[in-house]
Amino acid sequence: MGRPDPEEGQLPAPVKPPDGGWGWIVLLGCFVITGFSYAFPKAVSVYFKELMKDFHVGYSDTAWISSIMLAMLYGTGPVCSIMVNQFGCRPVMLIGGLLASAGMILASFTTNIIELYLTAGVLTGLGMALNFQPSLIMLGTYFDKRRPLANGLAAAGSPVFLSSLSPLGQVLLEKFGWRGGFLIMGGLLLNCCTCGAVMRPLDMGMKRKMGKAQDKYEAKEMLPIGGKSEEGISTTDGTKKGKKAKKKPKKGKKLLDFSIFSNRGFIIYTISKFILVLGLFVPPILLVNYAKDTGVPDTEAAFLLSIIGFIDIFARPACGMVAGLKWVRPHVAYLFSFSMLFNGLTDICSARASNYTGLVIFCVFFGISYGMVGALQFEVLMAIVGSQKFSSAIGLVLLIEAFAVLIGPPSAGRLVDALKNYEVIFYLAGSEVVLSALFLGVASYCCLNRGKKEPPPENNPSAGGGSDTEEAESDVQEAEEHSSNNHQLAHSTDNAMVAANEEANHVAEEQSGEGGGCPAGDGEVLARDSCNADQMVERDSF
């Protein structure tokens with residue numbers, strides 16, 4: 001993508017993140033979007049028992065609803081990236097909010113499980129995907145130095161909404177049935193449109209500032225200094241136009257940047273996330289039904305998800321603050337690996353929990369580890385690929401994870417139907433998460449650290465973990481230097497013209513003193529008809 005010309009009042013990319021200001025409003029919108037995107041597929045599990053009775057289906061059939069939502073959230077990543085690169089974040093989010101709401105409203109009128117898959121699963125999942133990915137892109141645009149904290153605070157939306165949507169769903173189920181609950185949930189999803197409306201592009205204000213500065217510069221250059229100075233300015237403008245004509249036509253922005261696959265860190269991250277997603281979402285999706293099968297009342301079973309959400313609320317911002325420390329941020333990938341290891345061991349150690357107390361203890365530790373994973377997963381990706389390639393990277397990563405989402409929870413549901421034993425499910429899910437943690441930690445240490453021993457080339461954009469602020473400052477400085485060079489060129493042209501005029505007037509005065517001169521005006525040389533040919537040639541030489 002070609003760099004915009006500073007002379008045209010346009011902003012060079014990338015823009016320096018403000019790390020505040022309107023970014024806090026963007027953070028609030030991202031908080032709400034993240035809450036709906038991650039908590040909604042889990043909160044819908046409250047309705048699974050009633051759906052099984054009405055449609056006469058099993059665990060695996062109802063688990064497909066949450067799986068399809070998550071698969072659409074992940075699998076449509078490249079589509080979201082293309083739409084964001086083509087139309088911007090705000091329009092895409094507005095459309096996504098309408099689709100998410102329409103899906104749940106239509107789901108309240110369905111008569112079979114297939115229709116639920118198409119409405120609550122596909123349509124609502126697609127709508128949430130069109131909101132989730134652009135909100136993360138906007139968050140990375142507005143924050144750089146405070147980005148780990150911003151990611152942690154935004155990720156806290158998931159537990160906050162999980163702790164509220166799950167009990168709310170239970171209340172709606174008891175008073176209005178699952179159909180009424182779906183209808184009201186669809187109305188709540190319209191708030192995604194409000195969040196999309198506040199996603200103001202960052203470069204709008206910056207372009208206005210540079211446009212005003214350029215207007216002042218052009219107005220100063222247009223002030224009349226003299227005939228020759230105007231001629232000099234026109235000559236300079238002609239030179240500029242000539243340079244612009246020689247420039248190659250600007251290439252359009254890539255809809256998807258596949259060059260990120262040449263980054264070893266990105267490959268390692270993608271493989272580990274695929275293994276992680278196979279088992280990460282299984283425990284919270286099956287937790288409520290597991291508690292109900294062990295004799296826990298429905299209200300208390302739904303409260304288990306609230307416990308996870310309540311612990312998760314504090315775990316994510318706290319982990320974001322820790323990841324933002326100077327001595328931790330360069331090694332954030334290892335912190336992410338530790339959080340996954342913690343989560344996997346929690347699943348394995350709690351597999352034999354058979355009473356409500358044991359399930360509560362499991363929810364506490366699962367909430368801490370799950371919050372750490374949620375706070376760090378996108379921060380690690382931003383650190384690896386940088387904010388400029390993040391829109392393409394997240395789309396491709398989510399697409400790869402979609403296959404794991406379609407495999408994990410449905411397979412767990414089928415094992416439950418076949419074995420009637422949740423212990424095996426928790427062992428399997430925990431082992432997958434532990435494997436992903438070990439792969440990320442070992443591969444990062446062996447592959448990436450070995451590459452760091454060799455002196456890296458300066459200003460390598462593919463090197464992860466760097467600050468985007470330095471790149472933005474260098475681009476802005478380059479634009480300022482380019483503008484100042486143009487100003488100096490025009491100023492030097494004016495000085496040359498004035499010096500030539502003074503020298504010509506001096507020669508004219510000497511010749512007029514000898515009796516053969518011609519009168520000269522103030523500040524300019526005029527060729528009179530009474531002047532001889534030698535004087536005309538001498539004056540024209542200047």
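Listing for the model above:
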| read-out | value |
| --- | --- |
| Tensor-based shape of region 16-222 (alpha-carbon gyration tensor, a/c under 1.5 rounded, otherwise prolate or oblate) | prolate |
| Ranked packing of 78-87, 306-315, most packed first, by mean Cβ within 10 Å | 306-315, 78-87 |
| Length gained when the stretch residue 190-residue 417 is fully extended (0.36 nm per residue, less Cα-Cα span) | 78.1 nm |
| Loop-located trypsin sites (Lys or Arg not before Pro) in region 371-446, at most 12 other Cβ atoms within 10 Å (DSSP) | 420 |
| Dimensionless Rg over Rh [region 257-449; C-alpha; Kirkwood] | 1.00 |
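No value in this document is a laboratory result; all are computed from the given coordinates. These numbers come from a predicted model, not from an experiment. Quick reminder, even Gly has a Cβ in these numbers, built from the backbone with ideal geometry, and neighbours come from all protein chains shown.
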